[in-house]
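Below is one structure; the comments refer to it alone.
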Amino acid sequence: MSKDKTRRVRIALVGNPNTGKTTLFNRLTGARQKIGNYPGVTVEKKSGPWESGGRAFTLVDLPGTYSLAASSPDERVALDFLAGHLDGEEKPDAVVCVVDASNVVRNLFLASQVADLGLPMVIALNMADAADRAGITIDPTLLSRCLGVPVVRMVATKGEGIDALGHAVAQAVDHGALMAQVPWPEAVDRAVKYLAAGLEKEGASLLAPGELRRILFDPRSAVLERAGWPAGSDPAPLLGAARDVLSAAGWHPLSAEALLRYEHLGHLTAAAVSFPEKRRRSPTERLDTVLTHRVWGLAVFVLMMFVVFQSIYRWAGPFMEAIEAVVAHVGELVAPWLAPWPALQSLVVDGVVGGVGGVIIFLPQILILFFFIALLEDTGYMARGAFLMDKMFGWCGLNGKSFVPMLSSYACAIPGVLAARTIEDPRARLTTILASPLMSCSARLPVYTLMIGAFIEPSFGAGLAGGMLFAMHVVGLAVAIPVAWTVNKFVLHTRPQPFLLEMPPYRLPRLRDIFWRMWERAREFLVRAGTVIVAMTIVIWALVYFPRPADVRERVTADLSVLNDNSAIDRAVDAAYLEQSYLARAGRALQPVFDPAGFDWKITVGVLASFPAREVIISTLGTIYGVGHDADEDSDDLRSALTRDFWTHGPRAGHPVFTVPVALAVMVFFALCLQCGATVAVMAKEAGWRWALFGFAYMTALAWLGAVLTFQLGTLWLEWSS
Ligand SMILES: Nc1nc2c(ncn2[C@@H]2O[C@H](COP(=O)(O)OP(=O)(O)OP(=O)(O)O)[C@@H](O)[C@H]2O)c(=O)[nH]1
Ligand SMILES: [Mg+2]
């Protein structure tokens, strides 16, 4: 094959889901794309450079797919790329088909479809270690001879077979190795010719026989759409007639392909692959009798989650205190330097250090949460969690595949919304996109722990504090279920879908993968703190610091001069400035909206400022309380500042601003509200602006309602119990 010398040779990685494509991609290109032990981790095309044996390739990682019938958006990416229909890119020059060595025949089904598109191929026989353990023996040389393409035995996680793969790929590119074709019966050839003639008549572009077979076999083929079939014309009569040619010869059009390909593959692989005489029950099967059991499975699931949140709450403590001490120390260190410029001093100490520093304190908890999530994803338990959730909540119209995106949203809703691409049914996909942001993401964690640490733990003890953190993570799910049900029943009319998610074998996670994910998350969190949150903090600081008319100080000093206590006077002056600041005025004007939830103007402002990013509530409260109190006062953290704040006006004057019902209402508000600009943008990209705005609106309404109900019921309960 002659190749333009200036163009890098493009190699696509294809294969069934969860066969190790991304693991291999990362190995070869040095990239750090996400891997996980469940199907559907990769949903987008990613490319990277790969140098091997003096040759330079561009490697393209694709989402996993079982066949080229491509029914969900992620599978469609794979098909479109291979057929040369994606973003105006040409077809790849060769394909590496990653095959799970424990499941050769089923995995080769896809390879044989890809070969039908006329693409040179290498088979990467991956996870050979697992096949060895299961007693499956494969002779790669013999298999290669039978299939007609190079076969390379690999263990992608350990880098075994990498050099051989590079060599085989170079060979495939140079010699165009094609996999042995299925001997199609005469009826198939006739149906294909019939299709070709029909397409030509309609002025569609000319297609290769392999592509025509895709149109013939796939009920809703994406290939036809891309072939330039005229928009106004219905292809059904042509397709029906072509499939009738098959039926007339005794082949069922929907099953003919599978029968023919599997029969062919069975013959080709028979000599090279052998299975153990007596099949033992694998450790995965034994574990699953408990972990996917109706009762025990669920009990283990709930218990495990409970332990996870207890641990987050407890383990993070010492690390958080350490960061807190550093932040406080930095504040104390810079304050005297900046003393000649009071406004700058306040901006740096109260705004940046107090506000942003207050957010950074929560990093350890987020990392511990990520540690557990990575553990769930890499062991393979994630798919079991989805299976259990489907058993419990499938009735509400959520697709079986909805639960993987929803579970991933516990880390962050953005990958969760993207993961909904694995869902075929567009309406079920939309429901999932709308429900996923209700799952409690890691950015909500700081809000919960601030409130729990300040108001729940002191009154109810540490045991209940962890339980409360767990409960807050259930609130979103408990609301998502009726929301999904309502949306499906009255708007989308989705039918319940069967649960079609392959259970991966349990695997021991690699620590390197887990720590890498934690590190990525830490970086993301710090970048967010250093950009959006700093920017918001500076705005909030300016609004809370200004205006500074001199007469406020004079009036308060004169009023309190009898006190003869300078620090008390200073504090009163700061409080007076705070009360007349722009932010306080705006907050008081808006406070009636949140009055039924028990929020004062400060919480109201905090809630409203947090719409771009949830963590802003922490920095906002930190800044407000920092500016409102003398910076030199014996350094106290945000938590104790909250407990010492009292209403100054209105019917609640003299009462504490934060009570247990208020703290609960704040948490419920944050649990249910879509306060994340990035998520709204991703929802818009995936489902259009209309649905993104709908999601935003319904969640905001729910959050307000939830907060009001929580506060009102909590207050009633307090009155009744006292
Ligand atoms: N034992 C073993 N595990 C492997 C090997 N290669 C990959 N894995 C594991 O298999 C799982 C899936 O790996 P991924 O690279 O995410 O698979 P993928 O094919 O990209 O999956 P999708 O993107 O969902 O299609 C991960 O848990 C890997 O650690 C291997 O050679 N041996
Ligand atoms: Mg992948």
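A short reminder: the numbers here are calculations on the coordinates, not readings from a lab. All of these numbers come straight from a predicted model, not from anything done at the bench. No Cβ is skipped: glycine too gets one built from the backbone with ideal geometry, and neighbour counts run over all protein chains shown.
Stretching residue 648 away from residue 321 to a fully extended chain increases their span by 114.6 nm, per 0.36 nm per residue minus the current alpha-carbon distance. Across the chain, Cα pairs under 8 Å and at least six residues apart give a relative contact order of 11 percent.
Between residue 478 and residue 208, the modelled labels are 5.7 nm apart [label points 7 Å from Cα along Cα→Cβ]. Size descriptor for region 186-250, Kirkwood hydrodynamic radius: 11.6 Å (Cα pairs only, one decimal). Helix 256-269 axis versus longest C-alpha principal axis of the chain: approximately 80°, rounded to the nearest ten. Once the Cα atoms are used to define both axes, helix 73-82 deviates from the longest principal axis of the chain by about 50 degrees. The gain in end-to-end length when the residue 344 to residue 460 segment is fully stretched comes to 37.7 nm, 0.36 nm per residue minus the alpha carbon separation.
Distance between the pseudo-spin-label points of residue 270 and residue 286 (7 Å out from Cα toward the beta carbon): 3.5 nm.
The alpha-carbon of residue 201 sits under 29 angstrom from the alpha-carbons of these lysines, leaving out residues fewer than 8 places away in its chain: 91, 193. So if we plug the beta-carbon distance of residue 700 and residue 395 into 1/(1 + (r/R0)^6) with R0 = 25 Å, what FRET efficiency do we get, rounded to 0.05? After rounding to 0.05, the efficiency reads 0.35. Dipole magnitude for the chain: about 1860 debye, using +1 per Lys or Arg Cβ and -1 per Asp or Glu Cβ, origin at the Cα centre. What the phi angles of region 700-712 give under the Karplus curve with 6.51, -1.76 and 1.60, with θ = phi - 60°, is a coupling list of 5, 4, 4, 5, 4, 4, x, 5, 5, 4, 4, 5, 5 Hz, glycine and proline written as x.
Dimensions of region 658-704 from C-alpha coordinates, computed as largest minus smallest value along each principal axis and given longest first, are 40, 17, 9 Å. Taken over region 300-492, the convex hull of the Cα atoms encloses 146 Å³ per residue.
Amide H contacts of residue 613: 677, each under 5 Å away and 5 or more positions distant or on a separate chain (H built 1.01 Å from N in the peptide plane; Pro and chain starts excluded). Calculate how steeply helix 186-201 sits against the longest principal axis of the alpha-carbon atoms of the chain, using the helix alpha-carbon long axis, and give the answer as 0 to 90 degrees to the nearest 10. Roughly 60 degrees, rounded to the nearest 10. Karplus-based coupling profile of region 513-523, in residue order and whole Hz: 4, 5, 5, 4, 5, 5, 5, 4, 5, 4, 4, with θ = phi - 60° in 6.51 cos²θ - 1.76 cosθ + 1.60 and x standing for Gly or Pro.
Expressed as a rounded percentage, what relative contact order does region 74-146 have, with Cα pairs under 8 Å and six or more residues apart?
30
When you filter the trypsin sites (Lys or Arg not before Pro) in region 257-315 for DSSP loop state and at most 14 other Cβ atoms inside 10 Å of their Cβ, you are left with 278, 279, 280, 281, 294. Taking the DSSP beta bridges with both ends in the chain, the antiparallel portion is around 40 percent. When the GluC sites (Glu not before Pro) in region 35-135 are filtered for DSSP coil states and for at most 11 other beta-carbon atoms within 10 Å of their beta-carbon, the remaining sites are 90. Available extension along the chain between residue 527 and residue 508 is 3.7 nm, counting 0.36 nm per residue and deducting the alpha carbon span. Summarising the label geometry, the points placed 7 Å from Cα in the beta-carbon direction at residue 567 and residue 8 lie 6.3 nm from one another. Restricting the calculation to alpha carbons of the chain gives Rg and Dmax of 30.6, 107 angstrom.
Karplus-based coupling profile of region 418-429, in residue order and whole Hz: 5, 5, 5, 5, 7, 8, 6, 5, x, 6, 5, 5, with θ = phi - 60° in 6.51 cos²θ - 1.76 cosθ + 1.60 and x standing for Gly or Pro.
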